[in-house]
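This report refers to the structure that appears directly beneath it.
Nothing in this text is a laboratory measurement; each read-out follows from the coordinates by a stated rule. Computed from a predicted structure; not experimentally measured. Positions of Cβ are backbone-derived with ideal geometry, glycine not excepted, and every protein chain shown enters the neighbour counts.
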């Protein structure tokens, strides 16, 4: 989507993405090697009752869904960060995640008129409609002067 296609109140949906045990283990072993992400046997005896995905992995899944659904072919070039990120429910192998992105604000920078600013809330829900990820992101877009 191009920056001009975004508007406040817009809802963008994407997915599903089915999480596999293999991807949970691969991501965790590479980037978040904690036992409840990497050891199915130990995780089964742990507080979550089984293997769970890293929150950072969950964020990566959301990023992929957003990129495919909304940012592919856009003028997006960076993000200055997140206002918040929350993982209210764990993601488990076999979960089917869908994205709901709510556009909060769309504007051009007053100081840099070739800079578009998009604030949006991303939420991932599993197949039971449980919230697995909630964050607010800001995305930057390189625009032509007008």
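Apply 1/(1 + (r/R0)^6) to the Cβ-Cβ distance of residue 41 and residue 18, taking R0 = 22 Å, and write down the FRET efficiency to the nearest 0.05.
0.45
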ask   = How far is the Cα center of region 81-146 from the Cα center of region 21-58, in Å?
value = 24
inquiry  = Starting from the Kirkwood Rh over alpha-carbon pairs, what translational D in µm² s⁻¹ does the chain have by Stokes-Einstein at 4 °C and 1.567 mPa s?
reply    = 80
Computed helical MRE - 222 nm, the chain, DSSP H runs ≥ 4 contributing -39500 (n - 2.57), nearest 500 = -6000 deg cm²/dmol
remark   = If one compares the long axis through the Cα atoms of helix 21-31 with the longest principal axis of the Cα atoms of the chain, the angle in degrees, nearest 10, works out at 70
With Cα atoms, 0 to 90° folded angle of helix 55-66 axis to the chain main axis = 40
query = Between residue 110 and residue 69, what FRET efficiency follows from the Cβ-Cβ distance if R0 is 25 Å, with the result rounded to 0.05?
reply = 0.30
ask   = Going 7 Å from the Cα of residue 119 toward and past its Cβ, which residues in region 87-101 have a backbone nitrogen under 17 Å from where you end up?
value = 101
